[in-house]
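Trainee: Sharing a structure below in structure tokens format, with a few things to ask.
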Amino acid sequence: MSFYFLLLLGFVGYSIGTITLLLPLRWVVDYIRDHGYSANTEKAAVIGLIILVLIVTIWISKLIFDQLVKEESFGGKLKWLIVPILLFSVSIWLFFQPKLINPVTETSVTEISIGYTIGPFPERGKLMQLKAQGYDGIISLLHPLIVPFEPVLINQLKSQTTEIGL
């Protein structure tokens, strides 16, 4: 039974961690930086959110696990597994959608010197725009060991830049 609890803990934890990373953590860090708080304050806030995520993950996992144990039928057990598995799947899918995670805004793209611009992961339209502006390459900070997401995005970027001629 402990194996199933750990599996459930992983599904729930990954989902809650993803939601926290994409929403409240970003809001908290932006607020701290916008208001000039120290790096130690930011670190404490991040650690506090991580601890909160751990507590909530264990609590929700325990609630679901207790219901799983009480259910006698396979269908009854399945209904308690569907939501964590679906949320886990959506969390995985989100990381393959860089435009949703880091939407491009006016301030997210910065020209740091002539011919060098930094910004979020470029979608196909942005690559074509960069080509039209005279750029001749992309320097990616993605790393192939950040699996499963970054190798997929690296391959996508390679094929699109080759097609476009960057």
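The values are calculated or read from the model by the stated rules, or taken from the named source; none is laboratory data. Not measured: the values here are computed from a predicted model. Cβ atoms come from the backbone with ideal geometry, glycine included; neighbour counts cover every protein chain shown.
Trainee: Among the residues of region 113-166 satisfying the criterion of being assigned to a loop (DSSP other than H, G, I, E, B) and in contact with a strand residue (DSSP E or B) (Cβ under 8 Å, 6 or more places away or on another chain), which is modelled with the lowest pLDDT?
Mentor: Applying the first criterion (assigned to a loop (DSSP other than H, G, I, E, B)) to region 113-166 yields 114-115, 119-123, 133-148, 165-166.
Now restrict to residues that are in contact with a strand residue (DSSP E or B) (Cβ under 8 Å, 6 or more places away or on another chain): 119, 135.
Numbers: G119: 80, Y135: 86.
So, considering only residues that are assigned to a loop (DSSP other than H, G, I, E, B) and in contact with a strand residue (DSSP E or B) (Cβ under 8 Å, 6 or more places away or on another chain), the one modelled with the lowest pLDDT is G119.
Trainee: Something else about it: Given the options L100, L81, name the one that is part of a helix (DSSP H, G or I) and surrounded by 14 or more Cβ atoms within 10 Å (Cβ to Cβ). Spell out how you get there, then give the answer.
Mentor: Working: L100 fails: surrounded by 14 or more Cβ atoms within 10 Å (Cβ to Cβ).
Answer to the check: L81.
Trainee: Within region 29-63, take every residue that is touching a residue at least 12 places away in the same chain (Cβ under 8 Å) and in contact with an Asp or Glu (Cβ under 8 Å, 6 or more places away or on another chain) and give me the one that is surrounded by the most Cβ atoms within 10 Å (Cβ to Cβ).
Mentor: I32
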